[in-house]
């Protein structure tokens, strides 16, 4: 028998499984969500189902605004899976492999939504409302030891597969990054890779401290 798990979440917050005995909480979370009217779907044995609803932020988070468009694609970054939302922002993935995934939706280049989730076999994970928020930029400088040309260093946000390369001075910029916490790696052939954790708020622009790569 397939289990159905409801769990509301914001942006880039891990989804975990609720234990039994939470019927009162589940009743409260389910209240008022029947208007979504997503078609009942099921996945192949051993695969999971993921569903949610993209929403626009509003002054009162208790009354979020509907997306109002069906021209938004939601993707699971680490796979080839993608789907189009309905006009109320609802979406559903079927046959999702068990394990962690990063979900990304682009309402516009300046407004995106990102969430992490853990798909479970034979289980429906409901992400609840996922809010589209302003994107931000990450800038910084990464240089190479024993050289004056620092171009070509790869700077990558692993979970989003978003990347940039440094110029000859080592400067880089990652534009239109959705709010969240990410692992960022800096690498170039022949040099030791470095990693750091970056937290970016909605519409925030941050500059990373100086990073230097040593030869292997």
Q: Provide a single number: the residues in the range 89-99 that are surrounded by fewer than 18 Cβ atoms within 10 Å (Cβ to Cβ) and in contact with a helix residue (DSSP H, G or I) (Cβ under 9 Å, 6 or more places away or on another chain).
A: 0
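Does the range 56-83 hold any residues that are assigned to a loop (DSSP other than H, G, I, E, B) and at pLDDT below 70, and which are they? Step through it out loud before you land on a result.
From the range 56-83, those assigned to a loop (DSSP other than H, G, I, E, B) are 57-64, 67-72, 77-81; that's our starting set.
Matches in the range 56-83: 59, 60, 61, 62, 63, 64, 68, 69, 70.
Can we say residue 86 is modelled with pLDDT under 95, crowded, with 16+ Cβ neighbours inside 10 Å and not assigned by TED's automatic domain parsing to the domain that holds residue 200? Even if it seems obvious, please write down each step before you answer.
Details: modelled with pLDDT under 95: yes; crowded, with 16+ Cβ neighbours inside 10 Å: yes; not assigned by TED's automatic domain parsing to the domain that holds residue 200: yes.
Considered against the rule, which asks whether it is modelled with pLDDT under 95, crowded, with 16+ Cβ neighbours inside 10 Å and not assigned by TED's automatic domain parsing to the domain that holds residue 200, residue 86 comes out as yes.
Are any of the residues in the range 101-112 under 22 Å from residue 200 (Cβ atoms), in the same structural domain as residue 208 (by TED's automatic domain parsing) and either in contact (Cβ under 8 Å) with a residue 40 or more places away in the chain or part of a strand (DSSP E or B) (or both)?
Step one: list which residues in the range 101-112 are under 22 Å from residue 200 (Cβ atoms), which gives 101-112.
Going one step further and asking which of them are in the same structural domain as residue 208 (by TED's automatic domain parsing), we end up with none.
Within the range 101-112 (the criterion being under 22 Å from residue 200 (Cβ atoms), in the same structural domain as residue 208 (by TED's automatic domain parsing) and either in contact (Cβ under 8 Å) with a residue 40 or more places away in the chain or part of a strand (DSSP E or B) (or both)), the answer is no, since none of the residues qualifies.
Quick test for you: out of 143, 148, pick the one residue that is farther than 30 Å from residue 99 by Cβ and surrounded by fewer than 16 Cβ atoms within 10 Å (Cβ to Cβ). Spell out how you get there, then give the answer.
Details: 143 fails: surrounded by fewer than 16 Cβ atoms within 10 Å (Cβ to Cβ).
Residue meeting the stated conditions: 148.
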Q: May I ask you to list the residues in the range 149-190 that are part of a loop (DSSP other than H, G, I, E, B), in contact (Cβ under 8 Å) with a residue 12 or more places away in the chain and more than 13 Å from the chain's Cα centre (by Cα)?
A: 149, 150, 151, 152, 153, 166, 167, 168, 169, 170, 188, 190
Q.
Any residue that is within 26 Å of residue 100 (Cβ to Cβ) and either in contact with a helix residue (DSSP H, G or I) (Cβ under 8 Å, 6 or more places away or on another chain) or modelled with pLDDT under 95 (or both) - is there at least one of those in the range 165-178?
A. yes
Q | Lone qualifier among 204, 212 - being in contact (Cβ under 8 Å) with a residue 12 or more places away in the chain and under 25 Å from residue 53 (Cα atoms) | A | 204
(Q) I'd like to verify a number: residues in the range 109-160 that are closer than 30 Å to residue 215 by Cα and in contact with a strand residue (DSSP E or B) (Cβ under 9 Å, 6 or more places away or on another chain), how many? (A) 21
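The values are calculated or read from the model by the stated rules, or taken from the named source; none is laboratory data. Note that this is a predicted model, so its numbers are computed, not measured. Cβ sites come from the backbone with ideal geometry, for glycine too, and all protein chains shown count toward neighbours.
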